[in-house]
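**Student:** Sending over a structure as structure tokens; questions will come in a sec.
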Amino acid sequence: MSSTSPPTVALDGRFARELAELAVPWQADEPTDPRLLVLNEPLAAALRLDPAWLQTPAGVRLLVGVGVPDDATPVAQAYAGHQFGQFVPRLGDGRALLLGELVDIDGHLRDLHLKGSGRTPFARGGDGLAAVGPMLREYVVSEAMHALGIPTTRSLAVVATGRAVRRETLLPGAVLARVASSHLRVGSFQYARGTGDVDLLRRLADHAIVRHHPAAEAEQPYVALLDAVIAVQASLVARWMLVGFVHGVMNTDNMTISGETIDYGPCAFLDAFDPAAVYSSIDHGGRYAYGNQPLAAQWNLARLAEAVLPLLHHDPERAVVLATTALDRFPGRYEAAWSLGMRAKLGLPEDLDPAIVVPLAEELLALLRDDHVDFTSFFRVLAGAARGDAEPTRRLFPDHRAIDAWLTRWLALSPAADAMDRVNPVYIPRNHLIEEALAAATDGDLTPLHRLVEAVTAPYDERPGFERHAAAAPPDFGAYRTFCGT
Ligand code: AMP
Ligand code: MG
């Protein structure tokens, strides 16, 4: 592709066509003075978008949704959702737009979607806008998650709009362009079910099967779809737990059918290991605390099962049995994924019985919790113990007795240090580093942000010059709070 002549951007409108009842055609706001802050060039190339062209004024106009091809149909998507347990029948994209779908270099369909593009008919009391800080936060954290091998929506670009956004103070506004294998949510099914139109519900399920779970084209396709979503979510949440990720707002509208992590709002990574860790300022009851995430996911999947009941069987009692059977498989699947991941984190052989791995891991986590040990750096330090130097590990614990006994048992299993370093990250988007990078970016300096992105997009590869990015939060960082109202 050349960067001088405008390339053709093949944006399909498949969702808008097939599910018009869930799609409100809408236009993005015209930005006052658009300025590209960050562009994900490898992702652009994977989407067959020319990175050089995306940096031209016409490319930036695409990235904020006002320069879309003539035949594109940007839409605001309708969905419902349980927010902190409370059902809201009509949420939808209040400040977001689906521009359409692109086919990537692997032949996969990818949604191109905007956040912060102006009020839509779903905006309720909201202003439809987003601030630079939270959009850059989603950019960094989602790209870090991707580099960690965790299914996630991706971030293509953040463009400053030149317009001020009123939050606690006036902040610079921005639009995030993000990419997902789709934006179908548990809440999309709840919305379709709420319309009472079973044909719409079936078309939504068929659309989801084709896009995400083609293996579900089975004898009982909708039971197979439910089962497939339960499987991908069990695996996803296990992977969050294994890297210490706290999503923060696991409402059913923020849970995908694809199994990708979505809607990075008040999310954070654990510093010290603590199952009760909550960062979101609005999660007063700790509903979405780190340790509650598997249960929260299972609860959300039960809401999905309820929504699709009419598709599972014409006999309502049979439908409930099928849904319950599928849901009952969640805990086993979650535990299998978690113990497999823990085995790898501890460098233990693949054929080691989970009945040995799980209690060993649980005892270790209890020690980390009791002594407030930094979760991420612990596993890298522990690889040193596998190499023969246990002192740095021992120093993390004020009382050595318990960790010494644990180390003896673990070392007897011959852990493989190099294998540990391939699965335990050195660099995660630590809360204090994100705050520092976003504050600088809001003041116009993007250098710390670019450094942070550089660190976390090669998370296992320890490099000189990034020592600060590997270190735990300074003791004066204190209790971390994240804010929704993003
Ligand atoms: P979230 O918690 O960010 O996933 O958003 C929940 C709901 O609130 C969704 O329907 C969003 O589209 C909507 N929303 C969040 N922020 C805004 C805003 N500033 N303006 C309009 N709608 C918003
Ligand atoms: Mg959301």
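**Student:** How are the Cα pair distances of segment 14-180 distributed, in percent, across 10 Å bins from 0?
**Tutor:** 10, 38, 39, 12, 1
**Student:** Moving on. How long, wide and thick is segment 137-261, going by the Cα atoms along their three principal axes, in whole angstroms, largest first?
**Tutor:** 54, 36, 22
**Student:** I'd like the FRET efficiency for residue 318 and residue 405, computed as 1/(1 + (r/R0)^6) with the beta carbon distance as r and R0 of 45 Å, rounded to 0.05. Don't skip to the answer; put the middle values down first.
**Tutor:** On the way: r = 52 Å, r/R0 = 1.16.
Once rounded, the FRET efficiency stands at 0.30.
**Student:** Please compute the modelled spin-label separation between residue 355 and residue 108, points set 7 Å along Cα→Cβ, answer in nm with one decimal.
**Tutor:** If labels sit at residue 108 and residue 355, their model points lie 3.8 nm apart.
**Student:** Taking only C-alpha pairs under 8 Å that are 6+ residues apart, what is the relative contact order of segment 186-337 in percent? Please report the intermediate quantities before stating the final value.
**Tutor:** Details: 209 pairs, mean separation 45.3, N = 152.
Here the relative contact order equals 30 percent.
**Student:** Moving to a separate point now. In what sequence, highest mean first, do 41-47, 389-395, 241-247 appear when ranked by Cβ atoms within 10 angstrom?
**Tutor:** Working: 41-47: 17.6, 389-395: 14.1, 241-247: 23.3.
Result, highest mean first: 241-247, 41-47, 389-395.
**Student:** On to the next question. Rg/Rh for the chain to two decimals, with Rh computed the Kirkwood way over all alpha-carbon pairs. All intermediate terms of the calculation are to be shown ahead of the outcome.
**Tutor:** Numbers: Rg = 22.9 Å, Rh = 23.5 Å.
Over the Cα atoms of the chain, Rg/Rh equals 0.97.
**Student:** Only helical DSSP H runs with n ≥ 4 go in: add -39500 (n - 2.57) per run for the chain, normalise by residue count and round the 222 nm mean residue ellipticity to 500 deg cm²/dmol. All intermediate terms of the calculation are to be shown ahead of the outcome.
**Tutor:** Numbers: 19 runs with 211 residues, N = 486.
The helix-only estimate for the chain comes to -13000 deg cm²/dmol at 222 nm.
**Student:** Here is a follow-up. Can you sort 356, 434 so the residue with the fewest Cβ neighbours within 10 Å comes first? Write down the numbers at each step before the final one.
**Tutor:** Details: 356 14, 434 26.
Fewest-to-most ranking of 356, 434: 356, 434.
**Student:** Here is a further query. State the three equivalent ellipsoid semi-axes of segment 111-190, derived from the C-alpha gyration tensor as the square roots of 5 times its eigenvalues, in descending order and whole Å.
**Tutor:** Numbers: eigenvalues 103, 63, 21 Å².
Values for segment 111-190, descending: 23, 18, 10 Å.
**Student:** Another one. Given just the C-alpha atoms of segment 389-465, how large is their convex hull per residue in cubic angstrom? Don't jump to the answer; show the numbers that get you there.
**Tutor:** On the way: hull volume 9.1 nm³, N = 77.
Dividing the Cα hull volume of segment 389-465 by its residue count gives 119 Å³.
**Student:** Report the calculated FRET efficiency for residue 365 and residue 215 (r = Cβ-Cβ distance, R0 = 25 Å), to the nearest 0.05. It would help to have the intermediate numbers written out before the result.
**Tutor:** Numbers: r = 34 Å, r/R0 = 1.37.
Given R0 = 25 Å and the Cβ-Cβ separation, E is 0.15.
**Student:** Another question, then. Would you please report the Å³ per residue occupied by the convex hull of the alpha carbon atoms in segment 186-337?
**Tutor:** 112 Å³
**Student:** Pairs of Cα atoms under 8 Å, at least six residues apart: use those to get the relative contact order of the chain, whole percent. Mind dumping the intermediate values first?
**Tutor:** Numbers: 945 pairs, mean separation 66.7, N = 486.
Taking the mean separation of contacting Cα pairs over the length of the chain, I get 14 percent.
**Student:** Counting only C-alpha contacts under 8 Å and six or more residues apart, can you give the relative contact order of segment 14-180 as a whole percent? Spell out each step's value before the answer.
**Tutor:** On the way: 364 pairs, mean separation 40.8, N = 167.
Rounded, it is 24 percent for segment 14-180.
**Student:** Calculate I(q)/I(0) for segment 334-486 by the Debye formula, one identical point scatterer on each C-alpha and no solvent, and give its log10 at q = 0.15, 0.16, 0.18 Å⁻¹ to two decimals.
**Tutor:** -0.88, -0.97, -1.14
**Student:** For segment 223-292, just run the numbers: alpha carbon Rg, then divide by 2.2 N^0.38 Å, N being how many residues it has.
**Tutor:** Values: Rg = 12.5 Å, N = 70, 2.2 N^0.38 = 11.1 Å.
Segment 223-292 yields a ratio of 1.13.
No lab work stands behind these numbers, since they all come straight from the coordinates. Keep in mind that this is a model prediction, so the values were computed, not measured. Note that we place each Cβ from the backbone using ideal geometry, even for glycine, and neighbour counts take in every protein chain shown.
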